[in-house]
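Each remark here refers to the structure printed beneath this line.
What follows is calculated from the coordinates using simple rules that are stated; it is not laboratory data. Note that the structure is a prediction, hence the values are computed from the model and not measured. Cβ atoms come from the backbone with ideal geometry, glycine included; neighbour counts cover every protein chain shown.
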Amino acid sequence: KVDQILEQRTNPTWPTTWFAPRLQASGPFRDVYTVMSSWGANHCALSYGHIGSELITIASMLRIPVHMHNVPEEMIFRPSAWTAFGSSDLEDADFRACKNFGPLYS
């Protein structure tokens, strides 16, 4: 019954994916409500398996900044030029680098 209620709150023709996010001690992944509240509508790269680090690498190569992820830092590869845009907050550095270099395709 819960599934039916939730399906009818949005457009039921949209695909539905049920998942449980990996939570962390702080930040946008501290609890499920904050994950969903912080997540932009219709902006997701969801797949079977743990390939988030590869998707973040591809996004950096295409100069698409990644807003929110919970992939461990040691698993993420970005171009070496990204280091000029900061190292303490890699998500902010992502936006600065992408803004500086501009879109790869337009």
Principal-axis tilt of helix 52-61 within the chain, Cα atoms, nearest 10 degrees: 50 degrees
Computed label-point distance, nm, for sites His67 and Leu46 using a 7 Å Cα→Cβ extension: 1.6 nm
Cα-based helix-to-principal-axis angle, 90-101 vs the chain, degrees rounded to 10: 60 degrees
The range 82-106 versus the range 12-33: alpha-carbon centroid distance in Å: 25 Å
Charge dipole (the chain, unit charges on Cβ, about Cα centre) - positive-most of Ser53, Val66, Leu104: Leu104
The chain - percent relative contact order, Cα under 8 Å, separation 6 or more: 19 percent
Length released on extending from Lys99 to Ile58, taking residue separation times 0.36 nm less the Cα-Cα span: 13.1 nm
Vicinal HN-Hα couplings computed from phi for the range 33-40 (Karplus, 6.51 cos²θ - 1.76 cosθ + 1.60; Hz; Gly/Pro x): 4, 5, 4, 5, 5, 7, 6, x
Relative contact order (%) - the range 45-106, alpha-carbon pairs under 8 angstrom, separation at least six: 37 percent
Order by protection proxy (mean Cβ within 10 Å, highest first), peptides 30-38, 6-14: 30-38, 6-14
